[in-house]
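Quick notes on the structure that follows.
The values are calculated or read from the model by the stated rules, or taken from the named source; none is laboratory data. This is a predicted model, so every value here is computed, not measured. Because the Cβ atoms are built from the backbone with ideal geometry, glycine has one as well, and the counts that use them run over all protein chains shown.
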Amino acid sequence: MFTPYQIRSIEQYQLDYAQSVEKPEEFWGNIAEHFVWRKKWDPVLNWNFKEPNIEWFPGAKLNITENCLDRHLPALGDQPALVFEPNDPKDDHRVLTYKELHFKVMQFANVLKNNGIKKGDRVCLYMGMVPELAIAVLACARIGAVHSVIFGGFSAQSIADRIQDAQACAVITQDGALRGNKIIPLKSVVDDALMACPTVQRVIVATHARVPVSMLKGRDCWWEDEIKKVETQGNPFCPAEEMDAEDLLFILYTSGSTGKPKGVVHTCGGYMVWANYTFVNVFQYQRGWTHFCTADIGWITGHTYILYGPLSAGATSLMFEGIPTWPDAGRFWDIVEKHHVELFYTAPTAIRSLMAFGDAPLTGKKLNSLKVLGTVGEPINQEAWHWYDDRIGANQCPIVDTWWQTETGGILISNLAGVTPSKPTFATYPLPGVQPVLVDENGVELEGNNVSGNLCIKFPWPGILRTTYGDHERCRQTYFSTYDNLYFTGDGCLRDEEGRYRITGRVDDVLNVSGHRIGTAEVENAINRHAGVVESAVVGYPHPIKGQGIYAYVIFNGMHEDEELTRQDIHQTVARIIGSIAKPDKIQFVEGLPKTRSGKIMRRILRKIAEGELENLGDTSTLLDPSVVADIQQGRLV
Ligand code: PRX
C-alpha cells in the first residue's frame, strides 16, 4: 500500500516537480492536508532569503507526535514502531508497537513535566542508540520542549559548549553506552560538562550499561524512579502540547567554517512535512516495511530517517545500538536477515569499511528481504556503489544516493527508488520543491547542462533551517549572504548532459570524515590548546575508508624525543576538546607554515601536499618564505 502523495512514475515525478515550481503554495498546501493539524495555515508560505525569514504553514497548530503516534493507533496500534537491536547479538531485541511507544512517550513526557520542564525549554540529550533516546526525543516534542541531541562521541567540553549555547535547563543521559566491546561512560562525561553549565537544573539518567555513576543530590535522578512516580500518580495520559507550525522543534549542532559549531534550528510544521514526504517518496516506502537506517540519532540522518520520517509514515523503524564490525563484520547483514529489513540506509564510509572485509562476512546471509538501498553523508565512489549493488542488493534493489544536509532537514536531491533511474555516484534529480542552481564564484548562474559550480537553492522547501540558535545574523551570513537571494550549500556540484546532479564535496573549510562534518578551524583550535603547540593548520586528504582523513601540520615547541608520544598528546587534547572523531589521522611536525605576506596560511598548498601532489603547487610567489614549502614536502607523511 502506498501513501496518496507518493510519486509512482517518472511522468508523475515530472508533473509534480513542475507543479511544485509553478505553484509551490498550492502543491505543499495539498500535501499538508494529509497530516493532522489542530488548526490550518494561512497562507502556506511567507519568505525572503534576505533576512532570512521563512515561515511554512504560518498560523497552523499541530503537534508532531500526534502525527507520528496518535494518528496511527486505530490502524497500526499493534504494529512495531521501533525495533531495537542491542549491541550484543546474544541479548534479546525489543519491539515497541505504536501503542507501546505512544504510551511510553506520554509517560516520559509526564516525567519531564514533573521535573519542571515546559514548552520552549531546551533539553539536551546525550545518549547511546537505545529506545529511551527515541522516547525522550518524542517526549520533548510532546510537551513542546526543544530537543538538542548531542552525539555520544563528543567530549565533555563539546557538550558544555552546546548546553551553554542552547541555555538548556535539563540533560537526559544514561549511565553508559555499549559500543562493540567498549562501554562509554556517558553520565560521567556529562558530569564533567556540567561543571561549566549553571543553567542545568535537572539530569535524568537511564540505566543501561550498569556502570557506576555519581548522582548529585538535588540535580540528578534516575529515569526508572521518575517513571515509577508517574505510575503512582495514576494518569498515564499526556496531552500533546499545541504548537505553532513555526515553533522550534529541535536544535542540532553542526560544524561550519569557523571554530564554533552552530545550532541549526528546525521548526514543527515544515520539518514534519518534509521528513515524511521525502521518506515515503525517496525510499518508496510501502506499508509494513521495516526500515533500517544505520545512522546515530545524534546526527540529522537519525532525526529524520530513524524517527520523524518513518514514524510519521507509520513504518517500522529499526534502531541498532552497536557497530558494524562487532562481533564481526557481518553484523549489519545478520540484522537485515533477522528482522526481514526491506529498506537499508547507510553511509559510503560504512560500505567501504565492510567491503574491505571481502565476501566472507556475507557468506550464508539471507538478504533477499531487501527492496531498497540508500546512501547518505558523502560522495559515494564507483567501486563502493557497485559492491553495494552486487553484493548487498544482488542487483535487485534500486540504490538511492541521497544528498542533503543538517540544514536542509531532509533529502533534497536523490533518485526515487525504482521510479526514477539511478546513475552511480550521482544524486541525480531534485525532489519536488527543490530548485537547485549552480553558480560560479561571482554568483553568476551557470545555465544549461554539462557545467559545474557551487550548489545553491533558490526557493525554500518546507524543511529548510530557519535560523542558527541565538544568532540569526550568523545564519544569514553563512547561508544567505554569499550569493544574493540564494541558499548556499557549501558544496561543489556538477550537472551532466541530462541535467543530473553529482555532488563533488565541500568547497569550504568543512571536512567530511566518515560521514561526520568537522570544521578544520575547530580541529585547529583544539590542537592549539595543547601547551606545546605554537600553531597548526588542518586540511583534508582522500582516505580510502573514511572518505576524507584529517591531516594536521603542527609547529611544536619542546618536543618529546619520541615524536609519536607528542602525537598521542595532541590526540588526547583533541579528544578532550572535541571528541575522538576529530583526532587527526596524520600529524606532521613542521618548522613553519606557508603564509602570505599578510599572514594568511595558504591552505591550498598544504592540501596539495597532503593529497600527495608534490609538483604543480601553483603560484608560491606571494609566500613570505617559500623555503618552508620544500621542508614540508620533504617531511610529508605517507
Ligand atoms: O558535503 C555534503 C555531504 O554531507 C554534507 C552535509 O553533512 P551533514 O550536515 O552532516 O549531513 C549529513 C547527512 C545528511 C553535505 O554538505 N553529503 C551528504 N549527502 C551526500 C553528500 N555528499 C555527496 N553525496 C551525498 N549523497
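Here are some notes:
- Condition check for residue 232 on (1) away from the ligand (no atom under 14 Å from the Cβ); (2) at pLDDT below 95; (3) over 25 Å from residue 98 (Cβ atoms): one failure, at (2).
- Applying the criterion of at least 1 residues that are in contact (Cβ under 8 Å) with a residue 60 or more places away in the chain, near the ligand (Cβ under 10 Å from one of its atoms) and hydroxyl-bearing (Ser, Thr, Tyr) to the strands (runs of 3 or more DSSP E) found wholly in the range 490-552 leaves 501-506.
- Residue count for the range 360-397 under the criterion of being closer than 15 Å to residue 332 by Cα, part of a loop (DSSP other than H, G, I, E, B) and either at pLDDT below 95 or basic (Lys, Arg) (or both): the result is 2.
- In the range 308-328, residue nearest to residue 4 (Cα to Cα) [restricted to those that are among the polar types (S, T, N, Q) and not in a loop (DSSP other than H, G, I, E, B)]: 312
- Residue, surrounded by the most Cβ atoms within 10 Å (Cβ to Cβ), within the range 403-415, restricted to residues that are part of a loop (DSSP other than H, G, I, E, B) and within 9 Å of the ligand (Cβ to nearest atom): 411
- From the options 258, 267, 290, residue that is touching a residue at least 40 places away in the same chain (Cβ under 8 Å), buried (at least 24 other Cβ atoms within 10 Å of the Cβ) and hydroxyl-bearing (Ser, Thr, Tyr): 267
- Residues that are within 16 Å of the ligand (Cβ to nearest atom) and either of a type outside the set (Val, Ile, Thr) or within 19 Å of residue 397 (Cβ to Cβ) (or both) within the range 302-317 comprise 302, 303, 305, 307, 308, 309, 310, listed in sequence order.
- Residue in the range 562-582 that is outside any loop (DSSP other than H, G, I, E, B), under 25 Å from residue 161 (Cα atoms), among the basic types (Lys, Arg) and modelled with pLDDT under 95 present: no
- Just one of the listed residues (437, 400) is near the ligand (Cβ under 10 Å from one of its atoms), among the hydrophobic types (A, V, I, L, M, F, W, C) and either out of contact with any Lys or Arg (no Cβ under 9 Å at 6 or more places or on another chain) or outside any helix (DSSP H, G or I) (or both), namely 400.
- Within the span defined as the range 562-574, every residue fails to be touching a residue at least 24 places away in the same chain (Cβ under 8 Å), within 16 Å of the ligand (Cβ to nearest atom) and under 22 Å from the mean Cα position of the chain (by Cα).
- Subset tally (residues that are crowded, with 18+ Cβ neighbours inside 10 Å and part of a helix (DSSP H, G or I)) for the range 186-244: 10
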